[in-house]
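Take a look at the structure set out below.
Taken together, the values in this text are just the output of simple stated rules run on the coordinates, not laboratory data. What you are looking at is a predicted structure, and each value in this text was computed from that prediction instead of being measured. Here the Cβ positions follow ideal geometry from the backbone for every residue, glycine too, while neighbour counts run over all protein chains shown.
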Amino acid sequence: MREYGVDDMKLAVTGKGGVGKTTLSALLARALHHQGHSVFCIDADPDSNLAATLGCAEWERIRPLVDLKALIEERTGVKPGTTGGMFRLNPEVSDIPASYGVDIDGVRVLVAGAVKKGGSGCYCPENALLHALISHVLLDPGSALVLDMEAGVEHLGRGTVSNVDALLVVVNPGRRSIETALRIRRMAADIGLEQVAVVANRVRTPADEAFIRDALPNLPVLGVLPEDETLLAADCTGQGVPTAEGATGQAISALLTELSRLVN
Ligand SMILES: Nc1ncnc2c1ncn2[C@@H]1O[C@H](COP(=O)(O)OP(=O)(O)O)[C@@H](O)[C@H]1O
Ligand SMILES: [Mg+2]
């Protein structure tokens, strides 16, 4: 087992659509960078908006990995769009974060893009390259990883995230995101991922927090983020999440402290 530290903590963020996964990913990435860590993010949500949430004005011009057809073919040996071919199982990926990631004020972001899903898992070259990349960065001691994942739980079935240090499930006060969290926990257990923790987001009152804790008695609630007008405002102006101050900043620092305890 490798030595864990905040330095190279590998985090994946999931939860129901709209609960604040991308916001939390951006806040964590900014905070880790602010603390002096090297941070690499993968936006693995087909509806990619992590770069925009980090304040990248030119986010629409970022080419997602799945669109880099020549690269995919070169590395996997198979033309994108084909299935069932004999692609290399261990494509070279070590240069991809530096070459294809975009630097957003010190945080490096790679946009995965929408990988088509086929039946019981997609053995397409796009997916093979993405999996190889995620597996590579999960073992890279040189930087922290924040993986912003799609809504729901399907990706867990593919096992990509089974080696993260912690899977953070974002929930809001409300039944629907709780149901998703429970499904995610079951699927995480199925793939042997035990470090699952909840981050309660958009909490307005102590009753909101109590609701979430009561509804998820078997999952640790590692962080509680308040409803924060400045996050909504940042979304409207396109400035990106600030390196959080005030109550949100404190909540993020506290969450990082809890995470380093959890993974150590
Ligand atoms: N703690 C919060 N306070 C206020 N608004 C929030 C908070 N967290 C997220 N939001 C807002 O909720 C919306 C959805 O957040 P987002 O992070 O994109 O969700 P997801 O990635 O889960 O789909 C955004 O407009 C975001 O600004
Ligand atoms: Mg998102």
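Quick notes
- Straight-line cross-link reach from Lys10 at under 15 Å between alpha-carbon atoms covers these aspartates and glutamates, not counting any fewer than eight positions away in the same chain: Asp43, Asp140, Asp148, Asp165, Glu194, Glu258.
- The chain, helix-only ellipticity at 222 nm - DSSP H runs n ≥ 4, -39,500 (n - 2.57), divided by all residues, nearest 500: -11500 deg cm²/dmol
- Spherically averaged projected area of the range 179-264 from its Cα convex hull (nm²): 6.8
- Among the trypsin sites (Lys or Arg not before Pro) in the range 1-77, those located in a DSSP loop and surrounded by at most 15 other Cβ atoms within 10 Å of their own Cβ are Arg2.
- Remark: the range 159-166, residue by residue, has Karplus-estimated 3J(HN,Hα) of x, 4, 9, 5, 9, 5, 6, 8 Hz, where x stands for each Gly or Pro and the curve is 6.51 cos²θ - 1.76 cosθ + 1.60 at θ = phi - 60°.
- DSSP bridge pairs, the chain: antiparallel proportion in percent, nearest 5: 10
- For the range 6-263, the relative contact order works out to 28 percent when only alpha carbon pairs closer than 8 Å and six or more residues apart are counted.
- By the equivalent-ellipsoid construction on the alpha carbon gyration tensor, the chain comes out with semi-axes of 29, 21, 17 Å, ordered largest to smallest.
- Near the amide H of Leu147, within less than 5 Å, lie the amide hydrogens of Leu11, Ala12, Val13, Ile42, all on another chain or at least 5 residues away, with H placed in the peptide plane.
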